[in-house]
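Everything below concerns the one structure shown next.
The values are calculated or read from the model by the stated rules, or taken from the named source; none is laboratory data. Please read all numbers here as calculations on a predicted model, not as lab measurements. Note that each Cβ is placed from the backbone with ideal geometry, even for glycine, and that neighbours are counted across all protein chains shown. Protein only, heavy atoms only, side chains kept; ligands, DNA and RNA dropped before computing areas. Shrake-Rupley method; radii C 1.70, N 1.55, O 1.52, S 1.80 Å.
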Amino acid sequence: MVNISASTAVLPAWMIHGSWSMSWKLNPIHITIPMSLFGNLPALLKPPSDLRFTVGAVLFYDHDVLDLNGPLHFFGGSGQFEIKTIAETKEPVANCGGTHTLVTHTFDEDTEFDFLFIPGAGPRGLLDLSQNERVVAYVKKVAPRMKFIFSVCT
């Protein structure tokens with residue numbers, strides 16, 4: 001038997017990709033769980049060492065720094081994801097927050113990713129992105145190889 005007492009219990013992020021996920025909101029409640037339900041609970045809470053993914057974040061002029069960094073913080077913090085940034089050149093890319101984001105790979109490199117991530121943008125960035133044939137061509141080229149393609153817009 002395992003005894004859990006907590007105000008909030010959340011399963012590790014890597015479990016979201018398994019066959020189930022849940023988080024519990026507990027108000028000082030004592031829960032007793034039979035170990036037979038979970039087998040070896042410490043092993044369950046530790047992500048499998050071979051579970052690794054690569055996220056490629058597409059950078060373009062005026063991308064939204066919050067839309068980029070929020071998801072990358074989640075992925076990077078899990079320890080199961082390698083983060084790469086991709087753009088037309090290796091020059092830092094101006095974002096809508098007035099700073100620049102570093103680039104690790106260019107569209108011309110044949111870099112493998114599991115997830116392709118396209119952050120949101122400010123108004124100028126959306127206009128520029130819709131007219132940027134290199135970004136659109138890159139996404140079309142790599143899309144068939146991706147396990148997931150996602151975007152975030154706040």
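Looking at the stretch 116-128, can you tell me whether even one residue there is modelled with pLDDT of 90 or more, part of a loop (DSSP other than H, G, I, E, B), surrounded by 10 or more Cβ atoms within 10 Å (Cβ to Cβ) and not charged (D, E, K, R)? For the stretch 116-128, residues modelled with pLDDT of 90 or more, part of a loop (DSSP other than H, G, I, E, B), surrounded by 10 or more Cβ atoms within 10 Å (Cβ to Cβ) and not charged (D, E, K, R): present. With respect to the conditions (1) modelled with pLDDT of 90 or more; (2) open to solvent by less than 60 Å² (accessible area, probe 1.4 Å), Asn69 lacks only one, and its number is (2).
For Glu82, the conditions (1) in a strand (DSSP E or B); (2) out of contact with any strand residue (DSSP E or B) (no Cβ under 7 Å at 6 or more places or on another chain) all hold with the exception of (2).
For the stretch 129-154, filtered to residues that are over 12 Å from Val58 (Cβ atoms) and assigned to a loop (DSSP other than H, G, I, E, B), the residue that is modelled with the lowest pLDDT is Thr154. If you go through the stretch 85-105 one residue at a time, do you hit one that is touching a residue at least 24 places away in the same chain (Cβ under 8 Å), open to solvent by 70 Å² or more (accessible area, probe 1.4 Å) and among the hydroxyl-bearing types (Ser, Thr, Tyr)? Within the stretch 85-105, one or more residues are touching a residue at least 24 places away in the same chain (Cβ under 8 Å), open to solvent by 70 Å² or more (accessible area, probe 1.4 Å) and among the hydroxyl-bearing types (Ser, Thr, Tyr). Looking only at the stretch 51-84, which residues are free of Cβ contacts under 8 Å to residues at least 24 places away in the same chain and under 20 Å from Arg124 (Cβ atoms)? Result: Asn69, single match.
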